[in-house]
Amino acid sequence: MTETTLRAAPQTEAVEYARRLAARTMRTWALMEREELVTAIVAELVANAVRHAGTALELRLLRSPGRVRVEVRDRAAQMPRMTVPGPLDESHRGLFIVDRFATSWGADPVSGGKVVWAEVTI
């Protein structure tokens, strides 16, 4: 298994840092055909952590045979829930996008917070 990690403060800049790290990692792993999917998932999960948890966060990208796993850990106990946005809604699209792009996704409570994760088949 190969892994990349980013720790960030709950600031909007964290989304761009995470997106760049994901793109660079996918290129390093020679997975350019999945770069767009993974960077979109990373951006949505990190943005949700910044917006809703408001705590320090950790992004992990893990590569194992057949998949890339994106994990975002924060210190908030509240679990995410997906809503289906209306055609004119400008927000509440994050997990809807993740659900469309990921092979699978979920959230697990952990000591001191939660981990929201998504997997993409490679």
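The values are calculated or read from the model by the stated rules, or taken from the named source; none is laboratory data. Bear in mind the structure is a predicted one, so any value in this text is a computation, not a measurement. Here the Cβ positions follow ideal geometry from the backbone for every residue, glycine too, while neighbour counts run over all protein chains shown. In case anyone asks, the SASA skips ligands and DNA or RNA and just uses the protein heavy atoms, side chains included. Shrake-Rupley method; radii C 1.70, N 1.55, O 1.52, S 1.80 Å.
Evaluate region 30-41: report whether one residue or more is open to solvent by less than 80 Å² (accessible area, probe 1.4 Å), touching a Leu at 6+ places or on another chain (Cβ under 6 Å) and modelled with pLDDT of 95 or more. Lay out the reasoning, then the answer.
Kept after step one, since they are open to solvent by less than 80 Å² (accessible area, probe 1.4 Å), are these residues of region 30-41: 30-31, 34-35, 37-41.
Checking which are touching a Leu at 6+ places or on another chain (Cβ under 6 Å) leaves us with none.
For region 30-41, residues open to solvent by less than 80 Å² (accessible area, probe 1.4 Å), touching a Leu at 6+ places or on another chain (Cβ under 6 Å) and modelled with pLDDT of 95 or more: absent.
Run residue 77 past the list (1) touching a Lys or Arg at 6+ places or on another chain (Cβ under 8 Å); (2) surrounded by fewer than 12 Cβ atoms within 10 Å (Cβ to Cβ); (3) part of a helix (DSSP H, G or I) and report the number of the one that doesn't hold.
Among (1) touching a Lys or Arg at 6+ places or on another chain (Cβ under 8 Å); (2) surrounded by fewer than 12 Cβ atoms within 10 Å (Cβ to Cβ); (3) part of a helix (DSSP H, G or I), the lone unmet condition for residue 77 is (3).
For region 30-73, what are the residues that are touching a residue at least 60 places away in the same chain (Cβ under 8 Å) and closer than 13 Å to residue 3 by Cα?
62, 63, 64
Filter region 65-74 down to the residues that are more than 23 Å from residue 11 (Cβ to Cβ) and open to solvent by 20 Å² or more (accessible area, probe 1.4 Å) and list them by number. Walk me through it before giving the result.
Keep residues of region 65-74 that are more than 23 Å from residue 11 (Cβ to Cβ), which gives 65-69.
Hits for region 65-74 are 65, 66, 67, 69.
Among the residues of region 1-32, how many are under 14 Å from residue 73 (Cα atoms) and among the polar types (S, T, N, Q)?
Final tally of qualifying residues: 2.
Report yes if residue 93 is farther than 19 Å from residue 119 by Cβ and without any contact (Cβ under 8 Å) to a residue 60 or more places away in the chain, otherwise no.
Spelling it out, residue 93 is indeed farther than 19 Å from residue 119 by Cβ and without any contact (Cβ under 8 Å) to a residue 60 or more places away in the chain.
Could you say which residue among 95, 62 is assigned to a helix (DSSP H, G or I), out of contact with any Cys (no Cβ under 8 Å at 6 or more places or on another chain) and among the aliphatic types (A, V, I, L, M)? Steps first, please.
Details: 62 fails: assigned to a helix (DSSP H, G or I).
Being assigned to a helix (DSSP H, G or I), out of contact with any Cys (no Cβ under 8 Å at 6 or more places or on another chain) and among the aliphatic types (A, V, I, L, M) holds for just one of 95, 62, which is 95.
Within region 46-57, restricting attention to residues that are surrounded by fewer than 17 Cβ atoms within 10 Å (Cβ to Cβ) and within 14 Å of the chain's Cα centre (by Cα), which residue is farthest from residue 80 (Cα to Cα)? Break it down into steps so the answer makes sense when it comes.
Here is the first cut: in region 46-57, the residues surrounded by fewer than 17 Cβ atoms within 10 Å (Cβ to Cβ) are 51-52, 54-56.
Add one more test, that the residue is within 14 Å of the chain's Cα centre (by Cα), and what stays is 51-52.
Working: 51: 12, 52: 9 Å.
The qualifying residue farthest from residue 80 (Cα to Cα) is 51.
Each row is one residue, and each column tells you yes or no for (1) in contact with a strand residue (DSSP E or B) (Cβ under 6 Å, 6 or more places away or on another chain); (2) hydrophobic (A, V, I, L, M, F, W, C).
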{"residue": "3", "(1), (2)": "yes, no"}
{"residue": "7", "(1), (2)": "yes, no"}
{"residue": "25", "(1), (2)": "yes, no"}
{"residue": "53", "(1), (2)": "yes, yes"}
{"residue": "58", "(1), (2)": "yes, no"}
{"residue": "64", "(1), (2)": "no, no"}
{"residue": "80", "(1), (2)": "yes, no"}
{"residue": "97", "(1), (2)": "no, yes"}
